[in-house]
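Below is one structure, written out as structure tokens; comments come after it.
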Amino acid sequence: MASAASSLTIASSFSEPRTQIHSSKRSNLPLQYSIPYKAVTRSRTRKLGLVVSSVSAPNVELRTGPDDLISTLLSKVANSDGGVTLSAEQHKEVAQVAGELQKYCVKEPVKNPLIFGDWEVVYCSRPTSPGGGYRSVIGRLFFKTKEMVQAIDAPDIVRNRVSINAFGFLDGDVSLTGKLKALDSEWVQVIFEPPEIKVGSLEFKYGFESEVKLRITYVDEKLRLGLGSKGSLFVFRRRQ
């Protein structure tokens, strides 16, 4: 999606029309008829041109369809650590593009088989929504996120995994396994088992069950959008 700003300058010249009409009968004086017309002077034309040329079209980003919107959306969230490094204004821009894209969503996305597969979480408007405390301000000081993945397996299994590097030298994974339940044609509920963590040779579960609700606002072969019950916007890109 490219910005276009254009200005229009009007420069016109006019000649004064004049028509002569002669009667069929002889007359001592020719019958002359003039069409009154007020010519536009050059100085006036210049002023008009200056005024019109100062008016510019608004800076509008032209988009022609979902493919263009997807490209724009992915470019806005690229290299942002899942949205962490974006400013408040940039988050608004992401939300605006996502809002336009959801107009192209298929009917009853929950029932569409396109939701199944492996998805990479490339953006979330709230950093702690995927990954919990590991993605908080303090958590990011000790744990670097390498990858965030969500796998949805038919008919109703969801697996979330966040790959991390702990303290700069230990690689690990935090994973959740849950069961998906359709609430209606757009909303789903997932009840997750306690999280499981693997760091080095250590592997253990901790915590309690958790529950999330998510509205699927767009899905196709490339991209999926989700809106959490608390307002978090997720952008998932299908893994190849």
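The values are calculated or read from the model by the stated rules, or taken from the named source; none is laboratory data. All values reported here derive from a predicted model rather than from experimental measurement. Positions of Cβ are backbone-derived with ideal geometry, glycine not excepted, and every protein chain shown enters the neighbour counts. Ligands, DNA and RNA are excluded from the accessible area calculation, which covers all protein heavy atoms including side chains. Shrake-Rupley method; radii C 1.70, N 1.55, O 1.52, S 1.80 Å.
Key figures
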read-out	value
Solvent-accessible heavy-atom area per residue, rounded to whole Å², over the range 125-240 at 1.4 Å	56 Å²
Computed P(r) (all Cα pairs; the range 91-214; 10 Å bins; percent)	12, 37, 35, 14, 2
Derived scalar couplings ³J(HN,Hα) [the range 148-158; Karplus, 6.51 cos²θ - 1.76 cosθ + 1.60; whole Hz; x for Gly, Pro]	10, 10, 10, 10, 10, 9, 5, x, 7, 10, 10
Accessible area (Å², 1.4 Å probe, nearest 10) - T217	10 Å²
Net charge of neighbours whose Cβ lies under 12 Å from the Cβ of R161, counting Lys and Arg as +1 and Asp and Glu as -1	-1
Residues of the range 213-240 with amide N under 12 Å of a point placed 7 Å along Cα→Cβ from K198	none
Charged-residue dipole, Cβ positions (Lys, Arg, Asp, Glu), the range 132-240 about Cα centre, Debye nearest 20	380 debye
Ranking by accessible area, most exposed first, for Y134, Y104, Y206 with a 1.4 Å probe	Y104, Y206, Y134
Accessible-area composition of the range 196-240, carbon plus sulfur, in percent [1.4 Å probe]	52 percent
Environment charge of K230, counting only residues whose C-beta is closer than 11 Å and scoring Lys/Arg +1, Asp/Glu -1	+2
Solvent accessible area, Å² - I70, 1.4 Å probe, full protein context	10 Å²
Per-residue ³J(HN,Hα) for the range 206-213, Karplus 6.51 cos²θ - 1.76 cosθ + 1.60, θ = phi - 60°, Hz, x for Gly and Pro	7, x, 10, 5, 9, 9, 9, 10
Under-5 Å amide H pairs with R126, H placed in peptide plane, nonlocal only	L233
Heavy-atom accessible area ranking, 1.4 Å probe, most first, across F116, F204	F204, F116
Probe 1.4 Å, all protein chains present, accessible-area order of K146, K213, K230, largest first	K230, K146, K213
Entries in K103/K222; K107/K179; K144/K198; K111/K213 that, when Cα-Cα distance is taken, lie over 18 Å	K107/K179
Average projection area in nm² (convex hull over Cα atoms of the range 152-208, one quarter of hull surface)	4.9 nm²
